[in-house]
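What follows is a short report on a single structure.
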Amino acid sequence: MPARGLILGIESSCDETAAAVVQRGSRTLSSVVASQIATHARYGGVVPELASREHLRAIVPVVRAALAQANVTLADLDAIAVTSGPGLAGALLVGITYAKALAFAQNLPLIAVNHLEGHIHAVLLNERSLPDGQRSPDSEPALALVVSGGHTHLYLARPANGSWTYTLVGRTLDDAAGEAFDKVAKLLGLGYPGGPWIDSLALHGNPHAVPFSFSQIKPKLHLAGKPPRTKAARTVPIANLDPRFLFSFSGIKTAVLRYVQLHNLRPEAESRRDALFTGPAAPGNSNRSVNSLPGAPGPASGTWESKKPTTHKPPTTQADALALCSPQTLDLIASFQHAVVGDLMKKTFAAAESLAVRRILITGGVAANRELRLRFTAEAARRNLRVAFPTLALSTDNAAMIAAAAWPKLQSHDFAPTNLSASPSLALGL
Ligand code: KG4
Ligand code: ZN
């Protein structure tokens, strides 16, 4: 049994370089996240080559900062955990290569963690820090909705011998929910990532003004054997899934586009884009934590860019964006968010009922959404179910969730091979 149960987690699957030290899967000693939002914002989405370059710049100072903030050295650690997939191949490789080198040099076990399992453990990590009586026992099965920029997946998570097993219950056939937030925000001339902008502006619109609807996924569509058009992990055959628990978010994006064209909202969106497009800042509950790392070398962009002279305009705020939105645009934003949250709720609660699960975990970047948290919490209370979320900081990508997910694997000696490589389409569970 490891002496102190200290695991260094490393995460670099997309556009955050993160490191954290977590003790025994429950006590977070440090969690450092270097965001690349500034780099990618000017392109309106993640540019894989730039992501790899930024991870290379950030990985060493981020890991150093995580160790320093936890007040531990490499010699104190019991294992190193790293995200092995799914994600961008080049981005994953930066974290994996560095983790392998550290593990080899320190003679520590290396643990490979699936990013999606990490997101689920972000909720469990948070739950374990709650006082007894406020948390579900770890032995209870749960329905987990992982809802982020790359994934909208429903899993049945079951505890088994101190570890967890996962069965895929539902998923998106095309865009992830977070991707829909990002694309709609881009269409409306708002910043990147779009979720936090839409979240804060939706508070000022009428959610019932535009009646968006989601059609039921037809059994025929998924039985035709077509692979889903999603970028996410794709190994589980869609035909095995109940169509009631399948999602599709590409249609609502087109519906928003049509509404914009029909109501001539495009000139307003374009002038907003010119006025707002600046880069790093996201408004309201933007939960992409940006850590300033003392003593870090000055990269050309990313977390430390604000220290350098910049040709960009100063960061814009929610108030700036609000002043540039007509009441009709605010109604559109509020209605879009209301519809997406409603669809996530409908299918998640239907799956919970069908599987007779009384515990629901919601995680991933979109789980930071205020309306989503409020409505899921209210509906769960109405149905006498328990719903849990990660903290806002642990909703989006971070490494504490990777270190927490690695704890059961350390106990069962589930270690990675020395030739561990990136698995961009890694699936979770059966
Ligand atoms: O989990 P995450 O950091 O990365 C992935 O694994 O994809 O999720 C990022 C996604 C982005 O699409 C972003 O727009 C969305 O989460 N997001 C939100 C909110 N905060 C982040 N979506 C809705 N409301 C939010 N408050
Ligand atoms: Zn993620």
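The values are calculated or read from the model by the stated rules, or taken from the named source; none is laboratory data. A quick note: this is a predicted structure, and the numbers were derived from the prediction, not measured. For neighbour counting, all protein chains shown are included, and Cβ atoms are generated from backbone atoms with ideal geometry for every residue, glycine included.
The one condition from (1) away from ligand 1 (no atom under 16 Å from the Cβ); (2) in a loop (DSSP other than H, G, I, E, B); (3) buried (at least 18 other Cβ atoms within 10 Å of the Cβ) that E127 does not meet is (2). Looking at the stretch 9-32, is at least one residue of a type in the set (D, E, K, R), buried (at least 18 other Cβ atoms within 10 Å of the Cβ), in a loop (DSSP other than H, G, I, E, B) and at pLDDT below 95? So far as the stretch 9-32 goes, yes, one or more of its residues are of a type in the set (D, E, K, R), buried (at least 18 other Cβ atoms within 10 Å of the Cβ), in a loop (DSSP other than H, G, I, E, B) and at pLDDT below 95.
If only residues of the stretch 381-409 that are over 24 Å from the mean Cα position of the chain (by Cα) and part of a helix (DSSP H, G or I) are counted, the one that is surrounded by the most Cβ atoms within 10 Å (Cβ to Cβ) is A381.
The numbered conditions (1) within 16 Å of ligand 1 (Cβ to nearest atom); (2) among the charged types (D, E, K, R); (3) more than 26 Å from L130 (Cα to Cα) are all true for R64 except (1). What about Q69, is it polar (S, T, N, Q) and surrounded by fewer than 23 Cβ atoms within 10 Å (Cβ to Cβ)? Yes.
Just give me the residues in the stretch 102-124 being of a type in the set (A, V, I, L, M, F, W, C) and either in a helix (DSSP H, G or I) or within 11 Å of ligand 2 (Cβ to nearest atom) (or both), in sequence order.
Applying the first criterion (of a type in the set (A, V, I, L, M, F, W, C)) to the stretch 102-124 yields 102-105, 108, 110-113, 116, 120, 122-124.
Once the filter is applied, which keeps residues that are of a type in the set (A, V, I, L, M, F, W, C) and either in a helix (DSSP H, G or I) or within 11 Å of ligand 2 (Cβ to nearest atom) (or both), the stretch 102-124 yields L102, A103, F104, A105, L116, I120, A122, V123, L124.
Which residue, of V72, V62, V82, is part of a strand (DSSP E or B), in contact (Cβ under 8 Å) with a residue 60 or more places away in the chain and within 22 Å of G25 (Cα to Cα)? Show your work before the answer.
Values: V72 fails: part of a strand (DSSP E or B); V62 fails: part of a strand (DSSP E or B).
Exactly one of V72, V62, V82 is part of a strand (DSSP E or B), in contact (Cβ under 8 Å) with a residue 60 or more places away in the chain and within 22 Å of G25 (Cα to Cα), namely V82.
Would a scan of the stretch 354-368 turn up a residue that is more than 16 Å from ligand 2 (Cβ to nearest atom) and buried (at least 24 other Cβ atoms within 10 Å of the Cβ)? Looking through the stretch 354-368, at least one residue is more than 16 Å from ligand 2 (Cβ to nearest atom) and buried (at least 24 other Cβ atoms within 10 Å of the Cβ).
Yes/no per residue for (1) away from ligand 1 (no atom under 15 Å from the Cβ); (2) under 30 Å from C325 (Cα atoms):
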| site | (1), (2) |
| --- | --- |
| A75 | yes, no |
| A79 | yes, no |
| K100 | yes, no |
| A112 | yes, no |
| P137 | yes, no |
| L145 | no, no |
| S148 | no, yes |
| A160 | yes, no |
| F181 | no, yes |
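For the stretch 179-189, does any single residue satisfy the condition of being at positive phi and in a loop (DSSP other than H, G, I, E, B)? Within the stretch 179-189 (the criterion being at positive phi and in a loop (DSSP other than H, G, I, E, B)), the answer is yes, since at least one residue qualifies. Quick check on R4: is it in contact (Cβ under 8 Å) with a residue 40 or more places away in the chain, over 20 Å from the mean Cα position of the chain (by Cα) and under 30 Å from K183 (Cα atoms)? Criteria not met by R4. Here F415 fulfils each of the conditions (1) touching a helix residue (DSSP H, G or I) at 6+ places or on another chain (Cβ under 9 Å); (2) in a helix (DSSP H, G or I); (3) over 19 Å from A176 (Cα atoms) apart from (2).
Do we have A89 as more than 16 Å from ligand 2 (Cβ to nearest atom) and hydrophobic (A, V, I, L, M, F, W, C) here?
Values: more than 16 Å from ligand 2 (Cβ to nearest atom): no; hydrophobic (A, V, I, L, M, F, W, C): yes.
Considered against the rule, which asks whether it is more than 16 Å from ligand 2 (Cβ to nearest atom) and hydrophobic (A, V, I, L, M, F, W, C), A89 comes out as no.
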